[in-house]
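Worksheet: one structure, shown below.
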């Protein structure tokens, strides 16, 4: 199947990036959102990412260190070719369709990329409603950070056409796409998603079996959780924890700067999935309380202008 129309469900940090990146690379993209309020919240994210694309490409004309793998397949391109990519970013942004209608989103869809909250009940409800409108041809993938596709395959109505496609944040620069099937995924559709990942300038990383957290989050989540535990137990403040990691390892960012990019709501949803969160004396409960305090103040990360840092 030749994928042409792509539907991204969810306009959060990654959903917005996936939608813009797909449109930038020439796909017809519709973003499905739960409400008009969700549309209003998604639009400034999309505009911000479009501006980053344009500014990065403009800087690349005179500074080759600004090269991003997701924006250009090679650093060896002319200024005229960079100008064409800048137009792709602007046109990609302008061509995005945002809707709350399942029927409008599903019409003639070749691929649905589900990027809604890390809440099993919300995902199941979405899949069951979407199934009423989807054409038979449509492939569905989930961008879930921690949940396995086998948990949801039966609810999609097309388990053989269902798998995971997980992106890293700042996908225009960190252009990885982890492809992970479940035991019922048909290899034909797995291969089509590998090709789609390449077509939107990602590097497809193929997993041979289901793994909670895929490759990236199997390493990243324990790292972030260790930092959150130090903070929740009042061992050190986020700035000091970040400074320790950056100075000692040479890393460009510490865990709390990364959490701001990921988004504190996503981090909170991951923490509260652990049953130990119900014990108020547990470290998970203390981490959840610290994150909830910031979320309640609107300090949800970089897209809100403030998380652990101000932007």
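Bear in mind these aren't lab numbers, they're just calculated from the coordinates by the rules spelled out. Because the structure is a prediction, the values reported are computed rather than measured.
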Quiz item: Which semi-axis lengths, in whole Å and largest first, follow from the square roots of five times the eigenvalues of the Cα gyration tensor of the range 36-110?
Solution: 30, 14, 9
Quiz prompt | Rg ratio (alpha-carbon, reference 2.2 N^0.38 Å) - the range 221-304 | solution = 1.05
Quiz item: Quick one: in the range 170-238, what % of C-alpha pairs are over 20 Å apart?
Solution: 47
Exercise. Could you quote the convex hull projected area for the range 206-258, Cα atoms only and averaged over all directions, in nm²?
Key: 4.4
Quiz item: Only one of the listed values, (1) 49, 36, 14; (2) 30, 26, 18; (3) 52, 27, 17, was derived from the coordinates as semi-axes √(5λ) of the Cα gyration tensor in Å; which label is it?
Solution: (2)
Practice problem: Relative to the compact-globule scaling 2.2 N^0.38 Å, provide the ratio for the alpha-carbon radius of gyration of the range 172-311. | Solution: 1.21
Practice problem: Among DSSP beta bridges lying fully in the chain, give the percent that are antiparallel, nearest 5. | Solution: 20
Exercise. Once you have the Kirkwood Rh of the range 104-238 from its Cα pairs, apply Stokes-Einstein at 25 °C and 0.890 mPa s and quote D in µm²/s.
Key: 155
Exercise. Please report, to one decimal in angstroms, the Kirkwood hydrodynamic radius of the range 1-56 built from all distinct Cα-Cα pairs.
Key: 11.6
